[in-house]
Every structure is written in C-alpha cells, then in structure tokens.
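To start, the structure itself, in structure tokens.
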Amino acid sequence: MIAAAVAILAVTAAFGMGSVAVAEPVSTDSGQEINGHKYCLVSVSTAQDSVAPGETVTVTATVENRGSKEGSISTYLGLRGPNGDRWYPSGDRAYDIPIGGRATLEFSAEIPADAATGPYELTVDVWTGNDAEMFHTSGWLQQFDVEEPTTDAEITWTAASGTYEPGDRVPVDVSVENTGDTAHEFYVDASLQRPDGSWITGEGTTVPLRPGAQRTVYLGVNIPDSSPPGTYEAGAGIFETSGTDQSLDTARGQQSVTVEARNTTVTIDGGQVAGEAFDPGERVPVELTVSNEGNTATTAYVDASLQRPSGDWITGEGRTVELAPWGGPTARTRS
C-alpha cells in the first residue's frame, strides 16, 4: 500500500497562548481511493500556539468524503518533539460520512511534565474503519511550541503627594499588572526616598493576579521621627515572593511629597486680671489666651505671675493645655 502524503500548509495567528493555528485546504486530488472510498483531510489546526509542559494541546481536523460511497474512518494524532521522539497519544472515529460530507474530529494530548521545550510537529492520519489502509495523512506540520511558563509583572502606576511631618504616614497607591503567562501571587511594597538618596521601606502586601490582570493596592510609608525636612520621592517594587530582594519591576511616583520639620510656636495672645484692687493675702484671678502657631499639636504649660513695684516677680498658679497646630483653636486658662 502506498499512502499519499500531502502536507497541509499551516498559517499561525500569533496572539500568544490561546490563539488558533489555521490550516489551509489541501488540493482535491490528495489522498488515496480504496474501493470507491476516499477521505481527505481538509484542514488541521491547534487551539494553542504554545503550551507549557504538563498542559494539554487540542487539535482539530476536518475530513471530507470525496469518494463514491458512504463509510466510516479511523483517525490518529501523532506528535514529534524537538529531539525527534514521536508518539501517537490520541485517536478518533467518524461513522457514516455521506458522499461529499465532512466530519470534524478533535484530539487532545497532554504534554509530559518533563517534555523538552521547543517546536513540536504533529500529523493527522486518516485510515479505513478497520485500520487496514491509510486514506490520507497531513504529514508532519510544525504547529505549536512547548515553553516553560513565565512569571513576570510590572508596576504601571505609583502615586503619592502632599505635605507631611516626621511620624506621619504617607499614602502610596500602586497599580500592578501580571505580564507573565501564569497566575501568581506577587508581593508589592511601597517606599520613600530621602533627600540623601536612602530609602524608607513601607508597607507591603501580596497580590494574586491572573495573566494579564491588573490591580491597584493602597499602601503607606511611615516617616521616622528623625527624618530631615525636604522633598521625598515615592517608590514601589513588585517581587515574585516576599522573601526575595530581586524585584520584577520598580517604579517611582508621579509626584513628590514634602516633609517639614516638626515645630511648635506657643504664644500668649492676651491676658486680663479680673478686678483692680486686692488686699495682701488675696488671690488675683488671671485669664490668659494662648495659641500654637506651629505645625505640630503640642501640650504647653502656662502659669501666671505678678510683678511687684520693686520689679521682682510673684509666681502664681499654672496648668497644662492641649493646643492644635496652625493657630487654632486657642485655649483659655485661669490662674
């Protein structure tokens, strides 16, 4: 028996994993006629242009009855790896194909977990229903690649702005995207760069992402109390795991933040004595108004005193007051 081996030309649409390799039709005179039966492959295609070891590749073939009789066929899928090894992992049958009719057959083959990476070829063979003779074969076609899955990600946006003081928490928004071809749980952290170039590492979190998925996380960085004033740059990093120093990507913020030194400026805005004349031994009521013109809330101790005609002072009562920053609200105290 001589089997006609006519290769089907495949045109692969390169859209990454999940794209379809489309096979062009073969000529009408391809294939072998056996006792009035003739079944020819019209097309062969794969559902993926690349798969990872351990994944399944799906192949679809269309066969047309170009003979003069109705009948049934057996079909087989063969695979050949880059090292030349070949195997036939899948088969399918079609029954009672009418004259001029077509049958679509589907094959699934799991690529071994230890399979070599590289280009793989496939063939689809069409046999008689009793497997005695071959009608047609596609020949070996390079239809897909076996590739190790990649884990990768990038930071698409980092944002922080505003004016802060040592001890404050700076909110940092970070947007990330999974640019690999496998789902993964990444680790993302935020940071601030001091004016001297050193970094303050802030909060971090894990981010599970499917391939192509994006997500924004809301983190923060606490400014140490000892930090100097100046302009600070926000930054972020994304890592494969939280235990590694090798980042997949880093990015700086679109804006800078300002850190101002803590200061308190407490002033006495006014004072008055309730009364005009007092006898020795009497208590003189004194009312004071104080405010904080600094940028940091503070607790102040305020006391009252009287100056004698001789110029020396009599220290009176005192008390502590809580003062908000930036001049208000003021506090009144009586002594």
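The values are calculated or read from the model by the stated rules, or taken from the named source; none is laboratory data. No experiment lies behind these values; they were computed from the predicted model shown. Here the Cβ positions follow ideal geometry from the backbone for every residue, glycine too, while neighbour counts run over all protein chains shown.
If I filter region 150-170 for residues that are charged (D, E, K, R), assigned to a strand (DSSP E or B) and farther than 30 Å from Pro82 by Cα, do I get at least one hit? Yes, region 150-170 has at least one match. Scanning region 83-127 for residues that are assigned to a loop (DSSP other than H, G, I, E, B), surrounded by 12 or more Cβ atoms within 10 Å (Cβ to Cβ) and polar (S, T, N, Q) yields one hit, Thr117.
Using the structure shown, decide if Thr231 is under 28 Å from Asn178 (Cα atoms) and either in the same structural domain as Val170 (by TED's automatic domain parsing) or of a type in the set (A, V, I, L, M, F, W, C) (or both). So Thr231 fails the test.
The residues of region 40-82 that are assigned to a loop (DSSP other than H, G, I, E, B) and over 17 Å from Glu147 (Cα atoms), listed by number, are Arg66, Gly67, Ser68, Lys69, Glu70. Here no strands (runs of 3 or more DSSP E) wholly within region 218-335 include at least 2 residues being at pLDDT below 85 and in contact with a helix residue (DSSP H, G or I) (Cβ under 7 Å, 6 or more places away or on another chain).
Comparison of Ile238, Ile200 shows that the only residue that is within 29 Å of Thr163 (Cβ to Cβ), among the aliphatic types (A, V, I, L, M) and under 12 Å from the mean Cα position of the chain (by Cα) is Ile238. If you go through region 297-323 and pick out every residue that is of a type in the set (A, V, I, L, M) and under 30 Å from Tyr164 (Cβ atoms), you end up with 5.
Yes or no, residue by residue, for (1) within 17 Å of the chain's Cα centre (by Cα); (2) surrounded by 17 or more Cβ atoms within 10 Å (Cβ to Cβ); (3) farther than 18 Å from Ala153 by Cβ; (4) in contact (Cβ under 8 Å) with a residue 12 or more places away in the chain:
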site: Pro195; (1), (2), (3), (4): no, no, yes, yes
site: Leu209; (1), (2), (3), (4): yes, yes, no, yes
site: Gln214; (1), (2), (3), (4): yes, no, no, yes
site: Val221; (1), (2), (3), (4): no, yes, yes, yes
site: Gly230; (1), (2), (3), (4): no, no, yes, yes
site: Ala261; (1), (2), (3), (4): no, no, yes, yes
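So how many residues does region 182-193 have that are assigned to a strand (DSSP E or B), under 11 Å from the mean Cα position of the chain (by Cα) and hydrophobic (A, V, I, L, M, F, W, C)? Looking only at that region, the number is 2.
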